[in-house]
Amino acid sequence: MAFPEMARFSVSLPDWYYRKLLLWAKLKGTNRATLSSNIIQSRIEANWNEIERELEAIAKYQGKTLDELTTEWLSDDLSE
(Lines give C-alpha, C1' and ligand atoms only; values in the text may rest on other atoms or scores of the structure.)
Protein backbone atom coordinates (compact mmCIF):
# COMPACT_ATOMS: atom_id res chain seq x y z
CA MET A 1 0.00 0.00 0.00
CA ALA A 2 1.54 3.29 -1.08
CA PHE A 3 0.95 6.51 0.77
CA PRO A 4 1.49 9.96 -0.66
CA GLU A 5 4.29 12.03 0.84
CA MET A 6 1.75 14.75 1.51
CA ALA A 7 -1.97 14.18 2.00
CA ARG A 8 -4.71 16.73 1.38
CA PHE A 9 -8.10 16.69 3.07
CA SER A 10 -10.81 19.09 4.13
CA VAL A 11 -11.33 20.38 7.63
CA SER A 12 -14.55 21.94 8.91
CA LEU A 13 -14.46 24.47 11.73
CA PRO A 14 -17.12 26.54 13.40
CA ASP A 15 -16.96 30.13 12.19
CA TRP A 16 -15.52 31.47 15.45
CA TYR A 17 -12.56 29.07 15.30
CA TYR A 18 -12.04 29.72 11.61
CA ARG A 19 -11.81 33.45 12.26
CA LYS A 20 -9.30 32.87 15.06
CA LEU A 21 -7.29 30.65 12.74
CA LEU A 22 -7.18 33.43 10.13
CA LEU A 23 -6.08 35.96 12.73
CA TRP A 24 -3.45 33.60 14.17
CA ALA A 25 -2.09 32.89 10.69
CA LYS A 26 -1.85 36.63 10.04
CA LEU A 27 0.01 37.10 13.34
CA LYS A 28 2.43 34.30 12.36
CA GLY A 29 2.96 35.73 8.87
CA THR A 30 1.65 32.60 7.18
CA ASN A 31 -1.54 31.34 5.59
CA ARG A 32 -4.32 29.24 7.09
CA ALA A 33 -3.32 26.03 5.30
CA THR A 34 0.28 26.16 6.50
CA LEU A 35 -0.72 27.05 10.05
CA SER A 36 -3.38 24.31 10.09
CA SER A 37 -0.84 21.78 8.89
CA ASN A 38 1.64 22.86 11.57
CA ILE A 39 -1.02 22.64 14.30
CA ILE A 40 -2.12 19.15 13.26
CA GLN A 41 1.46 17.90 13.00
CA SER A 42 2.41 19.27 16.41
CA ARG A 43 -0.66 17.72 18.10
CA ILE A 44 0.08 14.33 16.54
CA GLU A 45 3.69 14.55 17.71
CA ALA A 46 2.58 15.57 21.22
CA ASN A 47 0.22 12.57 21.40
CA TRP A 48 2.40 10.05 19.53
CA ASN A 49 3.06 7.77 22.51
CA GLU A 50 -0.58 7.80 23.63
CA ILE A 51 -1.73 6.92 20.10
CA GLU A 52 0.72 4.01 20.01
CA ARG A 53 -0.39 2.75 23.46
CA GLU A 54 -4.06 2.83 22.47
CA LEU A 55 -3.41 1.10 19.15
CA GLU A 56 -1.37 -1.61 20.89
CA ALA A 57 -4.16 -2.17 23.45
CA ILE A 58 -6.81 -2.49 20.72
CA ALA A 59 -4.62 -4.81 18.65
CA LYS A 60 -4.02 -7.02 21.68
CA TYR A 61 -7.74 -7.08 22.52
CA GLN A 62 -8.56 -8.10 18.92
CA GLY A 63 -5.80 -10.75 18.84
CA LYS A 64 -3.85 -8.92 16.15
CA THR A 65 -0.40 -7.48 15.87
CA LEU A 66 0.01 -3.72 15.80
CA ASP A 67 1.08 -3.98 12.14
CA GLU A 68 -2.04 -5.97 11.25
CA LEU A 69 -4.33 -3.47 12.95
CA THR A 70 -2.72 -0.39 11.41
CA THR A 71 -2.66 -1.97 7.94
CA GLU A 72 -6.35 -2.85 8.26
CA TRP A 73 -7.38 0.58 9.54
CA LEU A 74 -5.33 2.47 6.97
CA SER A 75 -6.70 0.28 4.17
CA ASP A 76 -10.26 0.97 5.36
CA ASP A 77 -9.64 4.72 5.45
CA LEU A 78 -8.01 4.87 2.02
CA SER A 79 -10.84 2.90 0.39
CA GLU A 80 -13.51 5.41 1.49
Could you order K20, K64, K26 so the one with the most accessible surface comes first? Probe is 1.4 Å. K26, K20, K64
Take the solvent-accessible surface of the protein heavy atoms, probe 1.4 Å, and return the percent of it on the chain that carbon and sulfur atoms account for. 55
Once all protein chains are kept in place, W24 shows an accessible area at probe 1.4 Å, nearest 10 Å², of 110
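Once you have the Kirkwood Rh of the stretch 19-66 from its Cα pairs, apply Stokes-Einstein at 20 °C and 1.002 mPa s and quote D in µm²/s.
Approximately 168 µm²/s, per Stokes-Einstein.
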Please give the contour-minus-distance gain from A7 to D77: 0.36 nm per residue of separation, less the Cα-Cα distance, rounded to one decimal in nm. 23.9 nm
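Residues of the chain: accessible area per residue at 1.4 Å, in Å²?
Accessible surface, normalised per residue, equals 91 Å².
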Any chance you could give the angle, 0 to 90 degrees and rounded to 10, that helix 15-28 forms with the longest Cα principal axis of the chain? 70
Could you rank E50, E45, E68 by how accessible they are, 1.4 Å probe, largest area first? E45, E68, E50
Tell me, what HN-Hα J-couplings in whole Hz come from the Karplus equation 6.51 cos²θ - 1.76 cosθ + 1.60 at θ = phi - 60° for each residue of the stretch 39-49, using x for Gly and Pro? 5, 4, 4, 5, 5, 5, 4, 5, 10, 3, 5
What do you get for Rg/Rh over the chain if you use C-alpha atoms and the Kirkwood form of Rh? 1.08
By how many degrees, between 0 and 90 and to the nearest 10, does the Cα long axis of helix 66-79 differ from the longest principal axis of the chain? 50
Only four residue types carry charge here, +1 at the Cβ of Lys and Arg and -1 at the Cβ of Asp and Glu. Report the dipole size of the chain about the Cα centre in Debye, rounded to the nearest 20. 780
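The values are calculated or read from the model by the stated rules, or taken from the named source; none is laboratory data. For clarity, every value in this text was computed on a predicted model and none was experimentally measured. Please note: Cβ atoms are built from the backbone with ideal geometry, for glycine as well, and neighbour counts cover all protein chains shown. Surface areas here come from the heavy atoms of the whole protein model, side chains and all, with no ligands, DNA or RNA. Shrake-Rupley method; radii C 1.70, N 1.55, O 1.52, S 1.80 Å.
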